[in-house]
Amino acid sequence: MRSLSAQEKDEGIDLTPQQKFRNTCLEVYDAIFGQLQWRFKKLREVCDGFNFVTSEALAVKSVEKLEKSAAADIAFRYNLDINIVLKFCLRLKV
């Protein structure tokens, strides 16, 4: 059973401490569930982006095709991250 609607809360329905606690827990659970959904969606996007590294993909695609499509895609998606790492590595060499 879900928490009381906003209208029911606005109408001043008196809630017992147990009902208030239950409603608060449901709101927290809803927030946690929403965050987990968002995080798993982002994780799936990253996994899909690196799908070319699987043994199956490496066995099927040629090196040239991997260099042209997969490497270029990764370089485009993570350009900022790659540049930060390169700058950091260059500073270490100095």
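The values are calculated or read from the model by the stated rules, or taken from the named source; none is laboratory data. Just so it is clear, the structure is predicted and the values come from calculations on it, not from any experiment. A quick note on method: Cβ atoms are made from the backbone with ideal geometry, for glycine too, and the neighbour counts reach across all protein chains shown.
Given the chain, what helices (runs of 4 or more DSSP H) lie entirely inside it while holding 3 or more residues that are at pLDDT 90 or above, out of contact with any strand residue (DSSP E or B) (no Cβ under 9 Å at 6 or more places or on another chain) and not small (Gly, Ala, Ser)?
Fully inside the chain and qualifying: 17-49, 79-93.
Report the residue count in the range 52-81 for those that are among the small types (Gly, Ala, Ser) and loosely packed, with under 10 Cβ neighbours inside 10 Å.
At the first step, the residues of the range 52-81 found to be among the small types (Gly, Ala, Ser) are 55, 57, 59, 62, 69-72, 75.
Checking which are loosely packed, with under 10 Cβ neighbours inside 10 Å leaves us with 55, 59, 62.
Result for the range 52-81: 3.
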